[in-house]
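The values are calculated or read from the model by the stated rules, or taken from the named source; none is laboratory data. Quantities reported herein were computed from a predicted structural model and do not represent experimental measurements. Cβ: placed from backbone, ideal geometry, glycine included. Neighbour counts: every protein chain shown.
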Amino acid sequence: MKKILVAVLFLFTIVPFAKADEGMWLPLLIGQRIGDMQAKGCRLTAEDIYSVNQASLKDAVVLFGGGCTGELVSNEGLLFTNHHCGYSYIQKHSSVEHDYLKDGFWAMNRSQELPNKGLTVSFLDRMEDVTEQVLKGYNASMTEKQRDSVIRVNSKELIKKAVEGGKGLKANVEALYYGNQFFLFVFRVFTDVRLVGAPPSSIGKFGGDTDNWMWPRHTGDFSIFRIYADKDNNPASYSEDNVPYTPKKFFKISRAGVKEGDFTFVYGCPGSTKEYVVSDDVEYVALVSDPEKIALRTARLDIMKKYMAQSQKVRIQYSSKAANVSNAWKKWQGESKGILKMKTIEKKKEYEKRFKEWAKGTEYDKVVEQLEALYKAKKPYNYAYEYYSETIRTIELLQLAYRVKSLFQLKDPKGAKALAETFFKDYYQPIDMECFVASVKAFDSKMTDEFKPEFFKEKMKEFGSAEEYCNYLYNNSLFTDLNKILSLTEDDIQKMAEDPANQLYDAFNNWYQKSLRPVLLSINSEINLCYRKYMRGQMEFEKERQFYPDANLTLRVAYGNVKGYSPADAIYYDPVSTLKGIMEKDNPDIFDYNIPQKLRDIYAEGGHEKQPVCFIATNHTTGGNSGSPVLNAEGNLIGINFDRVWEGTMSDIVYDPEVCRNISLDIRYLLFNIEQIGGAGYLFNEMVFVD
Ligand code: ARG
Ligand code: ASP
């Protein structure tokens, strides 16, 4: 074991210089990349980027909420992230009377900053390679189950030790390279995080879902928060007595701007990628999963949009929901197209052929064949699971019924009622009913009989059509009526369980738990085991290639240059967009392009044509990198990452240096908005500008 471990660790440390800008690197190991970064223009040392002994840039980067990144920009806890990362919080403070989504929000002093229940911000205290400790007691004769249990016990111990004696400390042990390596991450988690400012959506979400994932882009995708701490600068839950947090480090801001070729890097928390999977996985994604899910979401989006266009109230209620549905919907379109264009399936097949040949007689022999068999076995189950997730599971009424009942079962009637009240604030039944019909029809027509719950088959027979079933369910469920929910007591649990909404929910959930989940879990664990081997095999097979661990929401550094691209024959996109482009798109009749009158007026004064708005670069990013600081060669803040170009969204599976670009908000457009649109220029007093 020891020998293998040493060999593996050795493999992880020889990292030849990168050809292209692919890669999401661990900050702790940035010393292995710093030479390449410097060769490309970076003027920092590895210690500037990551250090446990002194304040370094990592201390100014946070995991914002559960899936975005943010950065500290002042000595008083001021934080930038994206508008779409703060969106649900801005929405929660919004109503038809105070529509902060529509009009923006600006605290004019500290007392006006708005607390956000449930929002957390996590600073990485340190990370550490704990592979040896995690695998202590493991030997090669153990089963996978035994190995898991060794890992679990050792990790628990490490985590316990790591959080001892610190306020707000939280730790995780994360597997990298499919469990070939383990890292401990220790965080400090702050829970008093207040909203300071957000532009109106017509700036923060300018272009809406029309421009989402697209370049040229003109979205002012930022929002501003402030972290509060107790008097000793420690994490504390919300209190009026809390004071602005003093960070170890915050980013200085450069207004010097960017031009084609400039070095940039992105420091953030990319969520998930799978760069090392076999062709069977990629083939399923590009030819089955993406296209089918796209079609299902198109149907739901069309329904939402129809009603949103008819009513201002419904538009507010469903804006966040529709944005969520539409986001992956559009990404999948670029992803499947990109995979096919890159011929990734064919290239992986060819690679696997060579690998199989090479692997003969080694411990890696037949591992690809095993993966092929496993994917084949997994396919029908995975397909049913995805179909269920994108149809029945999305029905809002069923989710509500289940959650209310569960809370009552947990003896939390107060929680159940609060949940119902929140739910109805953003619920429009005609949308849900139409989605119900579309979902039920799709599931019924696509699934073979053996992949349908018995209860569902009976109901479809009984009612004869999805429409009839829908009418019956929504007319007879108590969960369509807030007052009925509010009058429920713990004696009504049986009644809740027998409600037609819960009956359907439970039938599907039981079917999933009994017929799909165990099979998927067991196949996935076998797949994972094979990948652990295959990953090591690939590293031996391609000794010259630089490997970085797949993203898993741990802190990473990606670097590259500001660069335009050519998405198709005869088209070349410049890397920087300007306010002039916003004016070109401006159209009061198109919701996504209707800018605030104030912006029109400012522009009319003249002199703002060249005001930069967004720029693109070759940094390898993914979901979770939203809100990440985009830094220049000196490590000063020049932008905020918020998206990728549509043509390059296959970068989660395969990176193409020709078209993979991250999209950033130019920090100067953020400053322009604070001052000119928000009238909150007082915030500049706490920022530090380097030019
Ligand atoms: N595409 C970006 C990301 O994946 C931005 C999403 C939010 N914007 C939107 N119009 N839905 O998160
Ligand atoms: N928009 C994404 C996010 O929210 C970033 C991306 O997928 O490039 O993290």
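Taking the conditions exactly as written (within 16 Å of ligand 2 (Cβ to nearest atom) and closer than 21 Å to Val196 by Cβ), does Ser239 satisfy them or not? Even if it seems obvious, please write down each step before you answer.
Details: within 16 Å of ligand 2 (Cβ to nearest atom): no; closer than 21 Å to Val196 by Cβ: yes.
The answer is no for Ser239.
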Residue within region 666-681 that is within 12 Å of ligand 1 (Cβ to nearest atom), crowded, with 21+ Cβ neighbours inside 10 Å and not polar (S, T, N, Q) present: no
Spans of strands (runs of 3 or more DSSP E) in region 587-691 with at least 2 residues charged (D, E, K, R) and touching a residue at least 40 places away in the same chain (Cβ under 8 Å): 637-644
Yes/no for Asp290 being farther than 30 Å from Cys530 by Cβ and of a type in the set (Asp, Glu): no
Subset of region 601-643 [of a type in the set (A, V, I, L, M, F, W, C) and either within 16 Å of ligand 1 (Cβ to nearest atom) or surrounded by 23 or more Cβ atoms within 10 Å (Cβ to Cβ) (or both)]: Val613, Cys614, Phe615, Ile616, Ala617, Val630, Leu631, Leu637, Ile638, Ile640, Phe642
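Quick check on my filter: what residues within region 442-459 are assigned to a helix (DSSP H, G or I) and crowded, with 18+ Cβ neighbours inside 10 Å?
Residues satisfying the conditions are Ala442, Phe443, Phe451, Phe456, Lys459.
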One residue from Leu26, Leu63 being under 20 Å from the mean Cα position of the chain (by Cα), surrounded by 23 or more Cβ atoms within 10 Å (Cβ to Cβ) and within 26 Å of Glu275 (Cα to Cα): Leu63
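Does Gln429 count as among the polar types (S, T, N, Q), surrounded by fewer than 17 Cβ atoms within 10 Å (Cβ to Cβ) and within 30 Å of Gly464 (Cβ to Cβ)?
The answer is yes for Gln429.
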Of all residues making up region 65-118, the number that are among the acidic types (Asp, Glu) and under 21 Å from Ser237 (Cα atoms): 3
Residues satisfying the stated conditions in region 566-583, i.e. of a type in the set (D, E, K, R) and outside any loop (DSSP other than H, G, I, E, B): Lys580
Hits in region 606-642 - residues which are in contact with a Ser or Thr (Cβ under 7 Å, 6 or more places away or on another chain), within 18 Å of Asp574 (Cβ to Cβ) and hydroxyl-bearing (Ser, Thr, Tyr): none
Residue list for region 169-202, filter: within 21 Å of the chain's Cα centre (by Cα), of a type in the set (Ser, Thr, Tyr) and farther than 17 Å from Glu132 by Cα: Thr191, Ser201
Only one of Gly137, Gly77 that is more than 28 Å from the chain's Cα centre (by Cα) and over 30 Å from Gly208 (Cβ atoms): Gly137
Some residue of region 236-259 being in contact with a Ser or Thr (Cβ under 8 Å, 6 or more places away or on another chain), at pLDDT 95 or above, charged (D, E, K, R) and not in a loop (DSSP other than H, G, I, E, B): no
Ile151 within 30 Å of Lys533 (Cα to Cα), free of Cβ contacts under 8 Å to residues at least 60 places away in the same chain and out of contact with any helix residue (DSSP H, G or I) (no Cβ under 7 Å at 6 or more places or on another chain): no
Pair list, Cβ under 9 Å, 6 or more apart: region 392-420 residue among the β-branched types (Val, Ile, Thr), other residue crowded, with 19+ Cβ neighbours inside 10 Å and outside any helix (DSSP H, G or I): Val404/Leu488
Every residue from region 187-222 that is more than 12 Å from ligand 1 (Cβ to nearest atom), of a type outside the set (D, E, K, R), buried (at least 21 other Cβ atoms within 10 Å of the Cβ) and not in a loop (DSSP other than H, G, I, E, B): Phe187, Phe190, Val193, Leu195, Val196, Gly197, Ala198, Ser202, Ile203
The listed residue being touching a residue at least 60 places away in the same chain (Cβ under 8 Å) and within 25 Å of the chain's Cα centre (by Cα), out of Val278, Val367, Val314: Val278
